[in-house]
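Undergrad: This is the structure I want to talk about, given as structure tokens.
The values are calculated or read from the model by the stated rules, or taken from the named source; none is laboratory data. Computed from a prediction, not measured in an experiment: that's the story for all the values here. Cβ coordinates were reconstructed from backbone atoms using ideal geometry, including for glycine residues, and neighbour counts include every protein chain displayed. What goes into the accessible areas is simple: the full protein's heavy atoms, side chains included, and nothing from ligands, DNA or RNA. Shrake-Rupley method; radii C 1.70, N 1.55, O 1.52, S 1.80 Å.
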Amino acid sequence: MVEYCLLCNIYIVPRISWSFFFFQHEEELLCDDCRKKLTKISGKTCEKCGRPLVKLATEYIQNNICLDCIRWEQDEQWSGILEKNISIYEYNDFFKDVLSQFKFRGDYILAEIFAQEIRKTTKLIKYDLIVPIPLSQERLLERGFNQAEALILAAGSQPYHALTRVHSEKQSKKSRKERIHIENVFQVAEPVHGKAILLIDDIYTTGSTIRHAAKTLKMAGAKSVVSFTVARG
Amino acid sequence: MSSELQAFLSGRKLLESEIPSNLLDATSQHITYQDGITKENNLWKCSRCGNTNQNLFATLPCTRCKQNCTYCRNCIMMGRVSTCTPLLGWNGPDPEVPPTEHPLQWEGRLSDGQQHASAAVVKAIQTKSDILVWAVCGAGKTEVLFAGINEALQTGQRVCIATPRTDVVLELAPRFRKVFPHTTISAIYGGSQDRHQYAQLVISTTHQLFRFENAFDVVIVDEVDAFPYTFDKTLQWAVEKAARQISAKIHLTATPNSKWQNECMIGKRNYVTIPARFHRHPLPVPEFNWCGNWRKHIEKDKLPRVIENWVSVRLKAEKQTLVFLPNIKLMEKAAPLFQKLHPKIESVHAEDPKRKEKVERMRAKETPILLTTTILERGVTFPNIDVAVVGAEDRIFTEAALVQISGRVGRSAEYPTGIIAFFHFGHSKEMIKAQNHIIHMNREAKKRGLIDG
């Protein structure tokens, strides 16, 4: 049993109540302070991409869908490629730091922080295969692990490696336009015909990575693609 | 032998990914490889930071070695050290540095107290021994180091000054570059650009010493009593690792912990004191003012009368004042009460995003009174202020904290005096220790003729 907060290493005082003795309980991995700093998305969200709508000006919203998603859906190339995206946390400064420690510093164990929420949310989605957004071979060797795969494993599922990725520049260094008009970097490596796919990634920012991956899967005959990311940027 | 690689790797312990690939010559016989993580008596240990706290190790299914790799979480911010990432070192000769004739170019003069300590530092460097420089706040510690560093550089030795905070590195580097104009000096902190050069004088954050090994003939550790150095065993280990086996270690502090104080008293630790400030005025001695149950008052949205009166006097006289409070919660509760006395009173704490601006406004004399937690207990100088500690008996105010806080008063030669007041609801041992500490220093200074009057 972990007794220290995975983020600040402070001793976690166990909350003892009667249910503690009688029922199964989830391990506490974070102290209350750190847990509070991770903000869950709440209130109305875009029905397509899961973005919180409260913070968005009304002219960017139509029928509970954000303008970004409307633009994607109006483009016939992209219409209907992604059923919907679901995210759990807001991409605030604290999340940014946690994600950077997990993904760029390579602190693999931090995937555990999200395991419980991922399990809860993915239970509500019907799918046949759970597919991680892949890293290129180069990036995979550099980091030592794929963060999307780590999230799936932490949640206790088995990743299905349907996709591979050709090496390219880091996404985070590009603008939205560059990201959207980039050539497709994904290829299908395993059969997906007629399957309902749940795509997993750490963060949804412009949605370009997820949609390119989804398109590749649909072209290979996947029945539908829903995506799940830990945070919504 | 590549001299560039030699300059880069000599005295260091680095991950392969930290070395530019054009320098990395796999055929070099001088590169050493050490396991990044080792296992001793069934316990993991990190070879870079010395961490043995088993909570701070984790495992990943590694795509590089295709095995379960254990990695260290204590120093992961500097790049992951795991069982499959070796640490690279250098066992060849050090780069040759031609000795400089007169490295020190400084016209200033030392006070008598500084002079005495300076001579002791020179001797410690000559004999490769350890010394504690116990110097009061405002004694002028930096200048005390000049002669010793000069001595070391003249004889081709390598020197490191380690300090807990990046802002201190940034403040010290230009000062040393000015007085040692012909010496290569690196300023090293997370994200600094000076990492690639071989410098004879390295000014570094204590954390960055994890990347050095067997490098320095002289290691100077600033503020040895300050967090996190005293609490983090791995930082103390880093200092040992960065020093050569035979080396001089100079520790600087105004407030050694009681263990060190005892060791000094019974003769187990070599030390020298500077009991007086450079301006030859005694340290202001804290006065104790009983103020009733301050916690209860503030929780009921009232300031204790004694404190309100004391503050009002300062506001009327337009004397800038720092008011220390035990924690953020209490400070935020008390801030509006103080602001009723003057609207421009501000409060600041460690996680305050506007911390810098608020300190600047205090410096510019726009803020009459600044409320603060212990973050401003050291390192800051406002020339002409009074200081109050509200709830001085609270656990957070240790002897060291109270001595440092008292040390904020009367620092400049133009305004060498001021009031330091402890407001309390019963004395604590730490308050009395702090007061005695200061009285003792003044007495010693007087005996040694280091203060006037």
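Undergrad: For the peptides B:278-286, B:125-133, what is the packing order when you average, over each peptide's residues, the other Cβ atoms within 10 Å and list the highest mean first?
TA: Top of the packing list down: B:278-286, B:125-133.
Undergrad: Classify the protein assembly as shown from the C-alpha gyration tensor, please: rounded if a/c falls under 1.5, else prolate or oblate depending on whether a/b exceeds b/c.
TA: Oblate.
Undergrad: When Rg is the radius of gyration of the Cα atoms in chain A and Rh is its Kirkwood radius, what does Rg/Rh come to?
TA: Across chain A, the Cα-based Rg/Rh ratio is 0.98.
Undergrad: Return the subset of A:84/A:126; B:296/B:365; A:36/B:300; A:40/A:195 for which the Cα-Cα distance in this structure is over 23 Å, preserving the input order.
TA: From A:84/A:126; B:296/B:365; A:36/B:300; A:40/A:195, over 23 Å: B:296/B:365; A:36/B:300; A:40/A:195.
Undergrad: If you take the accessible area of A alone, add that of B alone, and subtract the area of the pair, what total do you get in Å², probe 1.4 Å, to the nearest 100?
TA: 1400 Å²
Undergrad: With all protein chains present, how much of the accessible area of the protein assembly as shown (probe radius 1.4 Å) comes from carbon and sulfur, to the nearest whole percent?
TA: C and S atoms contribute 50 percent here.
Undergrad: Sort by residue number and report every cysteine in chain B with no other cysteine beta carbon within a distance under 4.7 Å.
TA: B:137, B:160, B:264, B:291
Undergrad: Using helices alone, I'd like the mean residue ellipticity at 222 nm for the protein assembly as shown: each DSSP H run of four-plus residues gives -39500 (n - 2.57), total over residue count, nearest 500.
TA: It lands at -9000 deg cm²/dmol.
Undergrad: So with the 1.4 Å probe, I'd like the accessible area per residue for chain B, rounded to whole Å².
TA: 46 Å²
Undergrad: Right, next: Rounded to the nearest 10 Å², what accessible area does residue A:142 have for a 1.4 Å probe in the complete protein model?
TA: Rounded to the nearest 10, that gives 110 Å².
Undergrad: Between segment B:186-250 and segment B:102-139, how far is it from one alpha carbon centroid to the other, in angstrom?
TA: 19 Å
Undergrad: At a threshold of 8 angstrom on Cα-Cα distance, excluding pairs fewer than six apart, so keeping six or more, what relative contact order does segment B:1-88 reach in percent?
TA: Computed value for segment B:1-88: 33 percent relative contact order.
Undergrad: Which helices of chain B meet both criteria: a Cα extent of 15 Å or more along the helical axis and a mean Kyte-Doolittle score no lower than 0.0, with helices taken as whole DSSP H segments?
TA: B:141-154, B:166-179, B:305-317, B:328-339
Undergrad: I need to check one value: relative contact order of chain A, counting alpha carbon pairs closer than 8 Å and at least 6 residues apart, in percent.
TA: 20 percent
Undergrad: Explain nothing, just the number: relative contact order of segment B:317-453, from Cα pairs under 8 Å at least 6 residues apart, as a whole percent.
TA: Over segment B:317-453, the number comes to 25 percent.
Undergrad: Let me ask another. At a 1.4 Å probe, which residues in segment B:21-67 are at least 40 Å² less accessible with all protein chains present than in their chain isolated?
TA: B:55, B:61, B:63, B:64
Undergrad: Highest GNM mean-square fluctuation, chain A, Cα pairs closer than 10 Å: which of A:50, A:80, A:144?
TA: Looking only at A:50, A:80, A:144, the largest GNM fluctuation is found for A:144.
Undergrad: Provide B:446, B:333 ordered by accessible surface of protein heavy atoms (probe 1.4 Å), highest first.
TA: Reading off the accessible areas and sorting them downward yields B:446, B:333.
Undergrad: Does any residue of segment A:127-153 lose at least 10 Å² of accessible area with all protein chains in place compared with its chain alone, and if so which ones (probe 1.4 Å)?
TA: A:140, A:141, A:142, A:143, A:144, A:145
Undergrad: Cα centroid distance between segment B:305-328 and segment B:4-31, in Å?
TA: 57 Å
Undergrad: Let me ask you something else. D for segment B:227-369, whole µm²/s, Stokes-Einstein with Kirkwood Rh over alpha-carbon pairs at 37 °C and 0.692 mPa s: what number?
TA: 169 µm²/s
Undergrad: Continuing with this model, one more query. Among the listed pairs B:241/B:356; A:48/A:218; A:55/A:120, which are separated by more than 28 Å between their Cα atoms?
TA: From the list (B:241/B:356; A:48/A:218; A:55/A:120), the Cα-Cα distance tops 28 Å for B:241/B:356.
Undergrad: Further, regarding this structure: Can you tell me which of A:31, A:66, A:49 moves the most in a GNM of chain A? Springs connect C-alpha atoms under 10 Å apart.
TA: Of the options given, A:31 has the highest mean-square fluctuation.
Undergrad: Tell me, what are the semi-axes, in whole angstrom and largest first, of the equivalent ellipsoid of chain B as set by the roots of 5 times the Cα gyration tensor eigenvalues?
TA: 43, 28, 20
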